[in-house]
Amino acid sequence: MDSKDFKSMTIEDTFRELQTSRNGLTTEEAKKRLDKYGYNEIPEKKVNPVIKFLSYFWGPIPWMIETAAILSALIHHWADFWIIISLLLVNGIIGFWQESKAQNIIEFLKNKLSLKARVLRDGKWITIPARELVPGDIVRIRMGDIVPADIKLLDGEYVNVDESVLTGESLAVTKRKGEIIYSGSNVKRGEMTGVVVATGLHTYFGKTVQLVQLAKTTSKYQKLVTKIGNYLILLTIFLVLVVTIVELHRGMDPLELTRFSLVLVVAAIPAALPAVLSVTMAIGAYDLAKRQAIVTKLVAIEELAGVDTLCADKTGTLTLNRLTVGDVVPLGKHKKEDVILYGALASIEENKDPIDLAVLRALKDMKIEGEYSKFKQIKFTPFDPVIKRTEAVVEKDGEKYEVAKGAPQVILELTKANEDTKKKVAEIVNRNAEHGYRMIAVAFKKGETWELVGLIPLFDPPRPDAAETIKFLKENGIRVKMITGDHLAIAHEIAQKLGIGKRIYPYDVLKAAHHSKRVEFIEEADGFAQVFPEHKFTIVETLQKNGHTVAMTGDGVNDAPALKKADVGIAVAGATDAARAAAGIALLKEGISVIKDAIVESRKIFKRMYSYVIYRITETIRVLFFITAALLVYNFYPITPVLIILLALLNDIPILTIAYDNVKIDKKPSKWELHKILTVSTVLGTMGVIETFLMLWIAINYFGLSPTKTPAILQTLIFLKLAVAGHLTIFVTRTRGPLWSIRPGNGLLWSAVGTKAIATIIAIFGFGLAGAIPLWMAGFVWIYCLIWFFIEDATKLATYKAMEGERLFRKSFF
């Protein structure tokens, strides 16, 4: 049976059909049903590994290489043909292996962030992974949950459910006892108990909401590299056209020219880009997971590197979210014990609500559990951010009472308090707020009239690591703005203790201000108090419109719009499923120090990608312009198509290890500076063209090599020069300071050394080549490249210094 069949059934018939009861299942029975029905998930359609591997030979870049191989066969260059095919296979194997590794990491992250469910097993409420739910389980759902299976509602007043993810209907619907609530729905309000009627493929919509998504949106990095890739391809096509016109005029075989031109285009395209991007991001995501920060959208890593403003929730992020009860204030004829007793009766332990737990702990501290046990709670209405209170109907000795606790202004309205009482309560609230206490009021109703019982002060102390973390963030160019729904005085107290600042404004001031003044307030503020969830969206949006890259923390269902709007939404520890689904990063560890770790890691990843972009442009300019210059000046192909492909492969192997490289993070938010990237790349690339052309000139004029008599040896010499210099360039581009300022990672260092050694061995012994060079000549290439290596690094430093001087000049005079 599926969920539709249970829709018209009574609750008793449902229990009978599912062979369960309100006491739930035993662990043993649940295991039997799990074996019978399978896990509560939609099996993912896995791509056959063979088909996945073959996909690496399908696409524009592989087509070009394959076309070059076919053309080699047509003109009977069989040695070239087999080398090109071999290199194509190696490239496919490396790509397949790297993507598999990245995918395994993503699977690991998805498992870490899987949905949880509260279920009644063996007569006890426990939390289990939602995938382990089975038909017949009794579960509890509440505000902020994503419904884990199709459930028939049993107990509770109502739940307000957003089914837009399933139906496209934007308006929430209300579900009551006896109705079915579907898997994937989002609980906006209320709390109820239900019985699972369908799981996995048998749910009404046949799918579940997956929290971890590999977002298909294009990040700033991807857009930038796409622009650079397009620029390189256009540049290559232009140079190929120049070469084609010149060589056809000189009478070169069109088929041979086409084969060479195709491979030249392949050499210019950043073929390693997808692998570098996915592996760098995935490795970074794995490192963050070890620090208890789970990345749900990979592009969030790159966005986080550029964050300059962090809008942080106070409760649970900057503070411990472990409330303690202060000196209780009874009102009227009531005693302190009455205030705590009625407050406890308007609480429920199962929800793990911090306020409820604090009041229930105070009940034990006052040793009035005996009196509390005389009451029976027969109805409970959980906290709702709209009405800002909890309510319960309780019974004692056959007589019913109502109790409520919540925001003082709400309870005063409920009890219809007079002006004197309101004034007195306001004085108490303000006096306690100055010392960081948050007040809740308690009311009691017997008969028709609500009666104000008293006030409970609650204090949520700052986290021990919060002040230090905020100091670190400020030192690294990130401004922290505290956002809280608490009273202004409490916000001031916490903000000053943590070193956030003194400019804390109530949101009412912003609402009343003119638009331009409101923007000014938001810009200069250190925080906002008395903020409703919907106001967070406005704050984030305003900051973004003013050019800021904003990170936002949140935990509730009402935080979801702001989390989604922010450049990086961060769901803090204990956040609802809805908040985690909207966020780009979800924290498993409490506090703000995890955010510091995430920012440090994201800036490291950014630096690695930045280095790759500069290196890729530099190498393309070096190879393309040198080959073009050699053809035009000497009418000589300085490197064969096979050697170009081999060179591209040898260069790409070390660059894949850049995901593990050591880097030094900037003390300010990371940004893509296209002007600097293109300037540095062009300078280094041009220098590469000069040094390589000079090597060709030395070989022809001093080594006795000739483009006409010893072309193969000359080509091997140039191949070795490009291979050694190219790998050394990696160490130049990876830092803004001197090349020795940061030790390279072991993977990058030894892969570069290894591939240079392979290139040297190939050149000396002539493996697969038409000509080999003597050992002394290979030694000269190494010495020559090492000399230029330091010249390149000095030029890079001078270029950065010149650009910094230009920036300061513009800033000073313009």
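Read-outs: derived from the displayed coordinates by stated rules, not from any lab. Quick caveat: nothing in here was measured; it's all calculated off a predicted structure. Methodologically, a virtual Cβ is constructed for each residue, glycine included, from the backbone with ideal geometry; neighbour enumeration extends over all protein chains shown.
Taken as Cα centroids, region 115-145 and region 406-451 sit 37 Å apart, rounded to the nearest whole angstrom. Per residue, the convex hull spanned by the Cα atoms of region 575-650 amounts to 132 cubic angstrom.
Taking 0.36 nm per residue of separation and subtracting the Cα-Cα distance, full extension of the segment from Lys31 to Ser516 would add 168.4 nm. Which is farthest toward the positive dipole end of the chain among Val240, Met192, Thr174, measuring Cα position about the Cα centre, with Cβ charges +1 (Lys, Arg) and -1 (Asp, Glu)? So the residue furthest toward the plus end is Val240. Extension gain, Lys471 to Leu74, is 136.2 nm, computed as 0.36 nm per intervening residue step minus the present C-alpha separation.
Evaluate the charge dipole of the chain about its Cα centre and quote only its size in Debye, nearest 20, assuming +1 on the Cβ of each Lys and Arg and -1 on the Cβ of each Asp and Glu.
Numbers: 102 positive and 87 negative charges, 238 e Å.
With Lys and Arg at +1 and Asp and Glu at -1, about 1140 debye.
Take the Cα pairs of region 627-670, get the Kirkwood Rh, then feed it into Stokes-Einstein at 4 °C and 1.567 mPa s and tell me D in µm²/s. In µm²/s, the coefficient is 94. Straight-line cross-link reach from Lys52 at under 20 Å between alpha-carbon atoms covers these aspartates and glutamates, not counting any fewer than eight positions away in the same chain: Glu44, Glu66, Glu99, Glu107. Taking other residues whose beta carbon is less than 10 angstrom from the beta carbon of Leu304, and scoring Lys, Arg as +1 and Asp, Glu as -1, yields -3.
Think of the chain as having a plus end and a minus end, set by charges on the Cβ of Lys, Arg, Asp and Glu; of Gly527, Gln715, Val480, Gln715 sits farthest toward the positive end of this dipole.
Expressed as a whole percent, how much of the Cα-Cα distance distribution for the chain exceeds 50 Å? Don't skip to the end; give the middle numbers.
On the way: 113237 of 330891 pairs.
Here the tail beyond 50 Å accounts for 34 percent of pairs.
Principal-axis analysis of the Cα atoms of the chain puts helix 466-475 at an angle of about 30° to the longest axis. Taking a sphere under 12 Å around the Cβ of Glu12 and counting the other residues whose Cβ falls inside, with K and R at +1 and D and E at -1, yields a net charge of +1. Relative to the dominant Cα principal axis of the chain, helix 775-813 is inclined by about 50°. Seen against the Cα atoms of the chain and their longest principal axis, helix 593-634 is set at about 20 degrees.
Calculate, in nm to one decimal, what Ile245 and Ser8 gain on full extension: separation in residues at 0.36 nm each, minus their alpha carbon distance.
77.4 nm
Binning the C-alpha pair distances of region 297-385 at 10 Å intervals from 0 yields a P(r) profile of 13, 34, 24, 13, 10, 5, 0 %, listed from the shortest bin outward. Rg and Dmax of region 400-477, based on Cα coordinates, read 18.0, 60 Å.
Ordering Met695, Met9, Met803 by the number of other Cβ atoms within 10 Å of each residue's own Cβ, fewest first, gives Met803, Met9, Met695. Once the gyration tensor of the Cα atoms in region 608-813 is diagonalised, the equivalent ellipsoid follows with semi-axes of 32, 19, 14 Å, ordered largest first.
In deg cm²/dmol and to the nearest 500, what is the mean residue ellipticity at 222 nm of the chain if only DSSP H runs of at least 4 residues count, each as -39500 (n - 2.57), divided by the residue total? Working shown, then result.
On the way: 29 runs with 434 residues, N = 814.
Mean residue ellipticity at 222 nm (helix-derived): -17500 deg cm²/dmol.
Ordering 787-798, 623-634, 137-148 by mean Cβ neighbour count within 10 Å, with the highest value first, yields 137-148, 623-634, 787-798. Pair-distance distribution P(r) for region 476-523, from all Cα-Cα distances in 5 Å bins starting at 0: 4, 20, 27, 23, 17, 7, 1 percent.
Per the Debye calculation on region 325-457 with a single equal scatterer at every Cα and no solvent contribution, log₁₀ I(q)/I(0) for q = 0.16, 0.17, 0.18 Å⁻¹ amounts to -0.75, -0.86, -0.97. Cα centroids of region 470-516 and region 658-710: 48 Å apart.
Output the peptides 301-310, 154-163 sorted from most to least packed, where packing is the average of other Cβ atoms within 10 Å over each peptide's residues. Kindly include the intermediate steps, with their values, before the conclusion.
Working: 301-310: 25.0, 154-163: 18.9.
Going by the mean number of other Cβ atoms within 10 Å, highest first, we get 301-310, 154-163.
Rg and Dmax of region 575-721, based on Cα coordinates, read 22.5, 75 Å.
Starting with the highest mean, order 492-501, 719-728 by the number of other Cβ atoms within 10 Å, averaged over the residues of each peptide.
Working: 492-501: 20.3, 719-728: 24.9.
Put in order of decreasing packing, that is 719-728, 492-501.
Given a Förster distance of 41 angstrom, what is the FRET efficiency for Asp666 paired with Lys352, based on the Cβ-Cβ distance and rounded to 0.05?
Details: r = 40 Å, r/R0 = 0.99.
Once the sixth-power term is evaluated, E becomes 0.50.
Ordering Leu88, Leu643 from the fewest to the most neighbouring beta carbons within 10 Å gives Leu88, Leu643. Taking every alpha-carbon pair under 8 Å whose residues sit at least 6 apart, the chain reaches a relative contact order of 12 percent. A dipole drawn for the chain from +1 and -1 charges on Cβ atoms has a positive end, and of Gly436, Ile340, Thr733 the residue lying farthest that way is Thr733. Any chance you could tell me what percent of the C-alpha pair distances in region 503-583 go past 19 Å? Cα-Cα pairs of region 503-583 separated by over 19 Å account for 36 percent. Under conditions of 4 °C and 1.567 mPa s, region 674-785 yields 85 µm² s⁻¹ as its translational diffusion coefficient, taking Rh as the Kirkwood radius over Cα pairs in the Stokes-Einstein equation.
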